[in-house]
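Undergrad: Sending over a structure as structure tokens; questions will come in a sec.
The values are calculated or read from the model by the stated rules, or taken from the named source; none is laboratory data. Because the structure is a prediction, the values reported are computed rather than measured. For neighbour counting, all protein chains shown are included, and Cβ atoms are generated from backbone atoms with ideal geometry for every residue, glycine included.
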Amino acid sequence: MKGMFLSKESVVPFIEHLASQQKVFAPNKKVHGSITFEEVNDANDVVLNYARALLSVKKYFLPQRETLLKYKLDDNSFEKQEIEQVNAIFLGVHNYDLQAVLKLDYNFKNNNPEKNYLKRREGAVFVGISYEPDNFHFSQSVGIDPHNTNGFDLFLHKTEEGFVLEVLTKSGEKLLDGFGEISEFQGEYPRNENFNASLYAPQSKLKEVFANSYDNPIWKEMAEKCVGCGTCNLTCPTCFCFNVEDNVGITLKDGSRDRHLDGCMLRGFTEVAGGEIFRDELAGRMRHRIYRKFKYISDITGEPWCVGCGRCTIFCPAGISIVDIVNRLVSDYDKQQVLNEGQMTSVLD
Amino acid sequence: MKPKVAVFDFTGCEGCELNKLNFENELLDIIAHIDFVEWREAMDDKADEYDIAFIEGSISTPECVDRIHDIRNRSKILIALGACAVCGGMNAMKNQKPLEVAREEVYGKDKDLFPTLPALPLSAYVKVDFEIRGCPMTQQEFLRVVTALLMGKNPIIPDYAVCVECKLKENECVYGNGMICMGPITRAGCDAQCPSFGQYCIGCRGLVSHPNKEAMIEILTNHGLSVDEADKKMSLFNTENREGGLK
């Protein structure tokens, strides 16, 4: 391939060059202790070698909390919140997180477009980076290898001496204008594709598996371990459910309509008017969450709606693994197939 | 007419009550909409009937039992204020030993002068209309509840785990720092204050409404606690008598 080479020493000047043009958001460990995307004020604070951020870049387009409108009770008037483009460079994004954003684009563009998300999403520039899969990443099983550059403007492939910088779009190329500390690169970059975790089957087969797993005992078994804290939902880069609340001020004169992320693992999520909760059991909620990743949307799009980032597993306080659940469903399905064939044969005999 | 509001204290540290007197920015707005008619900590007046009674503390003596029934009979809406009133609170730890032993330890030779009962939440004796949780209650939640009632609506009280608020705030999980946290099973609503400042959650807002206690015990034992220690962690703010109670 043809590309550019960025040495280790030139990384900080590269980030500063980006930050001189536009706001940059990048992984940082100083603000929260965990890896989180933050605005770059000092290029030295950027962490490029990391496993995964607690929340993906989704948070910039679908914030954890936002005010939708403000109203006045005395004259019954309201004003919608002005939504602005995020208009920034997202640096050091792992490709599963960008794939998740592309999936959210699908969810929010179709049927009933989600204007706030789409508005914020315009003009975002993505500079990706390769990563070394840990024991929880399984992106390759859902079709995303660590060097997949789909959707990026620039991509940094890690090498021993620095990075091979791949230019993918015109906006990416423009970001490099006036930056001298890169050289031509000709050849191959080292590919790191060793995933420790993987699913036993591709989506084409999972479609069959999930069509036959609704009554699998695993949902009840897993529900016995689960505390229903919702961590899996809230850290998932493809989860997008939210709740809307009205908050009136103590003066009773004005208030705001706010929304915050919600999750299908939380008991109150399916509470409807009158107090009915139609997914009252943890087992049913667990099944619903996994079906949202591999069946309900996937049957329409043909793709898994999981990007293999491993967040729901590594952050789960009870240690429940999505890979283990899916693989158990696959092996149970396979066993059932063998049994069915056996029965067929005995009938034919 | 402004609703008549009273505040009462039972067994507790009175911190939740005090918290309300600390509403420096909002107190004028609050009293623009409600009339405080009885509040021992703040005024001398008394009244016969109340539209809303806020009750702090747990019920732990025979005298408390009579008083809480009396207040309930004279109140349209009764709200449990803070962990002691809602869950029994810290003082419910005394329920873990025989009452006589507890009485002797505290009052020694004068113990006969102080009749005592197991410390229980208000709901063990009277109907509680709404709960404001926490040790102490948060001011924001108190304001939200008062606002909702003034508007004739049911207040929205979170019934999900503290983990939700931690994740929304991108807090690093304190389990990763070797701490034992009750967040996964404790009701949110505090904006995950303790974990946000690098501390673990001790569960002061009580358990979520449908807790999977066995799963939480497994989490705690996987982090090195014995089953007994795990159980103690969980009951710090949750008296076992809570479910069923003495209703």
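Undergrad: Would you confirm, using the coordinates I've provided, whether B:E17 is in a helix (DSSP H, G or I), in the same structural domain as B:C64 (by TED's automatic domain parsing), in contact (Cβ under 8 Å) with a residue 24 or more places away in the chain and within 21 Å of the chain's Cα centre (by Cα)?
TA: yes
Undergrad: Could we say that B:I217 is outside any loop (DSSP other than H, G, I, E, B), within 11 Å of another protein chain (Cβ to nearest Cβ) and either aliphatic (A, V, I, L, M) or within 30 Å of B:P3 (Cα to Cα) (or both) here? Even if it seems obvious, please write down each step before you answer.
TA: Details: outside any loop (DSSP other than H, G, I, E, B): yes; within 11 Å of another protein chain (Cβ to nearest Cβ): yes; either aliphatic (A, V, I, L, M) or within 30 Å of B:P3 (Cα to Cα) (or both): yes.
So B:I217 fits the description; yes.
Undergrad: On the given criteria, is A:I322 crowded, with 17+ Cβ neighbours inside 10 Å and at pLDDT below 95?
TA: no
Undergrad: Among what's in the stretch B:95-150 and is out of contact with any Gly (no Cβ under 7 Å at 6 or more places or on another chain) and of a type in the set (G, A, S), pick the residue that is nearest to the other protein chains (Cβ to nearest Cβ).
TA: Selected residue: B:A148.
Undergrad: Part of a helix (DSSP H, G or I) and polar (S, T, N, Q): is that true of B:T116 in this structure?
TA: no
Undergrad: On to the next question. Every residue in the stretch A:250-281 that is outside any strand (DSSP E or B), β-branched (V, I, T) and facing another protein chain (nearest Cβ under 10 Å), please. Working first, answer last.
TA: At the first step, the residues of the stretch A:250-281 found to be outside any strand (DSSP E or B) are A:250-253, A:262-270, A:272-276, A:278-281.
Next, from what is left, pick out any that are β-branched (V, I, T): A:250-251, A:270, A:272.
The answer is A:I250, A:T251.
Undergrad: I've got another one for you. Looking only at residues in the stretch A:25-53 that are within 18 Å of A:C236 (Cα to Cα), part of a strand (DSSP E or B) and in contact (Cβ under 8 Å) with a residue 24 or more places away in the chain, which one is farthest from the other protein chains (Cβ to nearest Cβ)?
TA: Looking at residues that are within 18 Å of A:C236 (Cα to Cα), part of a strand (DSSP E or B) and in contact (Cβ under 8 Å) with a residue 24 or more places away in the chain, I get A:P27.
Undergrad: Okay, moving on. If you go through the stretch B:220-234 one residue at a time, do you hit one that is at pLDDT below 95 and β-branched (V, I, T)?
TA: Among the residues of the stretch B:220-234, at least one is at pLDDT below 95 and β-branched (V, I, T), which makes the answer yes.
Undergrad: Follow-up question, since we're still on this one. Would you confirm, using the coordinates I've provided, whether A:Y296 is more than 11 Å from chain B (Cβ to nearest Cβ), in a helix (DSSP H, G or I) and modelled with pLDDT of 95 or more?
TA: Criteria not met by A:Y296.
Undergrad: A follow-up question, please. Out of the stretch B:163-214, which residues are under 22 Å from A:C241 (Cα atoms), at the interface with chain A (Cβ under 8 Å from one of its Cβ atoms) and part of a helix (DSSP H, G or I)?
TA: Of everything in the stretch B:163-214, those that are under 22 Å from A:C241 (Cα atoms), at the interface with chain A (Cβ under 8 Å from one of its Cβ atoms) and part of a helix (DSSP H, G or I) turn out to be B:C163, B:V164, B:K167, B:L168, B:G183, B:P184, B:I185.
Undergrad: Given (1) within 9 Å of another protein chain (Cβ to nearest Cβ); (2) more than 26 Å from A:E271 (Cβ to Cβ); (3) part of a helix (DSSP H, G or I); (4) touching a Ser or Thr at 6+ places or on another chain (Cβ under 8 Å), identify the lone condition not met by B:A230.
TA: Only one criterion in (1) within 9 Å of another protein chain (Cβ to nearest Cβ); (2) more than 26 Å from A:E271 (Cβ to Cβ); (3) part of a helix (DSSP H, G or I); (4) touching a Ser or Thr at 6+ places or on another chain (Cβ under 8 Å) is unmet by B:A230, namely (1).
Undergrad: Can you name the residue in the stretch A:225-249 that is in a strand (DSSP E or B) and among the β-branched types (V, I, T) and is also farthest from the other protein chains (Cβ to nearest Cβ) among such residues?
TA: In the first step, residues of the stretch A:225-249 are kept if they are in a strand (DSSP E or B); the result is A:242-248.
Keeping just the survivors that are among the β-branched types (V, I, T) gives A:244, A:248.
On the way: A:V244: 11, A:V248: 5 Å.
Of everything passing the filter in the stretch A:225-249, A:V244 is farthest from the other protein chains (Cβ to nearest Cβ).
Undergrad: Tell me which residues, restricted to the stretch A:197-224, are in a loop (DSSP other than H, G, I, E, B) and surrounded by fewer than 11 Cβ atoms within 10 Å (Cβ to Cβ).
TA: A:Y214, A:D215, A:P217
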